[in-house]
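Asks: First, the structure itself, so that you have it in front of you.
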Amino acid sequence: MGKREPTDRRKVYVRIADELRADIAAGRHQVGEPFPSIATLRERFGVAGATIERALTVLREEGLIMSRQGSPSVVIARPGDEEAGDAPHEPSQEFTLIWNQLQEIREHLRQQNLRLDELEERTKDL
């Protein structure tokens, strides 16, 4: 008989947080960039949204991502960027201000695209 792989007994959300942390460390998710949505992560890992939320909470508490209601989470640091034992830092006021402005611009552009789609639909038969 062949060797059996040891069973990973860590909680699922801990394993997911570890994998996402490794993704950030490897540069698959850059600082300042939106983090994948909960729906995307649910599909990737095949787990409930609550499990993904717990994994994201771990990353938030470590100071790696920042989340705002109604906006995607954003990577704000890479593992190892801070000295061991330091408390996670809060994003600067400037970062928060610029992030909020970008979200407003994004929403404005989304609405403009909807209007353009509507105009295109109305004029395609003219």
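Asks: Quick check on the chain: helices-only [θ] at 222 nm, where DSSP H runs of length 4 and up contribute -39,500 (n - 2.57) each and the sum goes over total residues. Nearest 500, please. Display every interim value, and only then the final one.
Replies: Numbers: 4 runs with 66 residues, N = 126.
Computed mean residue ellipticity for the chain: -17500 deg cm²/dmol.
Asks: Per-residue HN-Hα couplings for the stretch 24-38, Karplus 6.51 cos²θ - 1.76 cosθ + 1.60 at θ = phi - 60°, whole Hz, x for Gly and Pro?
Replies: 5, 4, 7, x, 5, 10, 7, 4, x, 9, x, 8, x, 5, 4
Asks: If you don't mind, another one. Looking only at trypsin sites (Lys or Arg not before Pro) in DSSP loops with at most 14 other Cβ atoms within 10 Å, what is the longest site-free stretch of the chain?
Replies: Working: sites that count: 3, 4, 9, 10, 11, 28, 124.
Free of exposed loop sites, the longest segment is 29-123.
Asks: Under the classification rounded if a/c is under 1.5, otherwise prolate if a/b is larger than b/c and oblate if not, where does the stretch 1-74 fall, given a ≥ b ≥ c as square roots of the Cα gyration tensor eigenvalues?
Replies: Working: a/c = 2.25, a/b = 1.80, b/c = 1.25.
Taking the square roots of the gyration eigenvalues as a ≥ b ≥ c, the stretch 1-74 is prolate.
Asks: If you roll a 1.4 angstrom probe over the protein chains with everything in place, what fraction of the accessible area of the chain belongs to carbon and sulfur, to the nearest %?
Replies: Values: 4740 of 9470 Å².
Ligands and nucleic acids excluded, carbon and sulfur reach 50 percent.
Asks: Taking a probe of 1.4 Å, how large is the accessible area per residue of the stretch 1-82, in Å²? Walk me through the intermediate numbers first.
Replies: Details: 5260 Å² over 82 residues.
In whole numbers, the stretch 1-82 has 64 Å² accessible per residue.
Asks: Work out from phi, with θ = phi - 60° and the Karplus expression 6.51 cos²θ - 1.76 cosθ + 1.60, the ³J(HN,Hα) of each residue of the stretch 115-126, listed in order in whole Hz, and give x for Gly and Pro.
Replies: For the stretch 115-126, the Karplus-derived couplings read 4, 4, 4, 5, 5, 4, 4, 5, 9, 5, 9, 7 Hz, x marking Gly and Pro.
Asks: I've got another one for you. Scan the chain and report its longest stretch carrying no GluC sites (Glu not before Pro) that are both in a DSSP loop and have at most 15 other Cβ atoms within 10 Å.
Replies: Numbers: sites that count: 62, 82, 83.
In the chain, the maximal stretch lacking such sites is 1-61.
Asks: A further question follows. With θ set to phi - 60° and the Karplus curve 6.51 cos²θ - 1.76 cosθ + 1.60, what are the ³J(HN,Hα) couplings of the stretch 47-56 in order, to the nearest whole Hz, using x for Gly and Pro?
Replies: For the stretch 47-56, the Karplus curve yields 10, 6, x, 5, 5, 5, 4, 5, 5, 5 Hz.
The values are calculated or read from the model by the stated rules, or taken from the named source; none is laboratory data. Computed from a predicted structure; not experimentally measured. Heads up, the Cβs are rebuilt from the backbone with ideal geometry, glycines too, and the neighbour counts pull from every protein chain shown. The area values use the complete protein model at the heavy-atom level, side chains included, leaving out ligands, DNA and RNA. Shrake-Rupley method; radii C 1.70, N 1.55, O 1.52, S 1.80 Å.
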